[in-house]
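First up is the structure itself, then whatever we jot down about it.
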Amino acid sequence: MTNQVQPKALTEIEAAKYIGMSRSFLAQARMDGPRNNRTPAPRFIKIGRAVRYLRQDLDAWLDNFIKLEHLGQAC
């Protein structure tokens, strides 16, 4: 039985997989900042030149979206 450490801070690639979005979405959203009619970026941290995403921030970001049962609800 192996004990694998679950990192608290994820790399951009790990964060993209975790939220089911592309790495380019994260990079573009992070660089553009908040814009009208654009999906906002999840919160991130910088450690030196490295960008990291905290699991709790990614979970909160996902929880902020409306959960739909069908597309008619989105109107």
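Taking every residue in region 59-75 that is closer than 19 Å to R38 by Cα and pairing it with any residue that is at pLDDT 75 or above, at least 6 positions away or on another chain, the pairs with Cβ-Cβ distances below 6 Å are W61/P42.
Among the residues of region 30-39, is there at least one that is without any contact (Cβ under 8 Å) to a residue 60 or more places away in the chain, of a type in the set (A, V, I, L, M) and surrounded by 10 or more Cβ atoms within 10 Å (Cβ to Cβ)? No, because not a single residue in region 30-39 is without any contact (Cβ under 8 Å) to a residue 60 or more places away in the chain, of a type in the set (A, V, I, L, M) and surrounded by 10 or more Cβ atoms within 10 Å (Cβ to Cβ).
Taken over region 30-42, the residue count meeting the criterion of being outside any loop (DSSP other than H, G, I, E, B) and over 19 Å from R55 (Cα atoms) is 2.
Summed over region 12-59, residues that are of a type in the set (S, T, Y) and out of contact with any strand residue (DSSP E or B) (no Cβ under 7 Å at 6 or more places or on another chain) total 3. I'm told V51 meets every condition in (1) part of a helix (DSSP H, G or I); (2) over 20 Å from N64 (Cα atoms); (3) modelled with pLDDT of 95 or more except one. Can you identify the failing condition by its number? Exception for V51: condition (1). Residues in region 8-29 that are in contact (Cβ under 8 Å) with a residue 24 or more places away in the chain and in a loop (DSSP other than H, G, I, E, B) were compared, and the one that is surrounded by the fewest Cβ atoms within 10 Å (Cβ to Cβ) is K8.
The values are calculated or read from the model by the stated rules, or taken from the named source; none is laboratory data. Here the structure is a predicted model, which is why all the values come from computation and not from measurement. Glycine also receives a Cβ, built like all others from the backbone with ideal geometry; neighbour counts cover every protein chain displayed.
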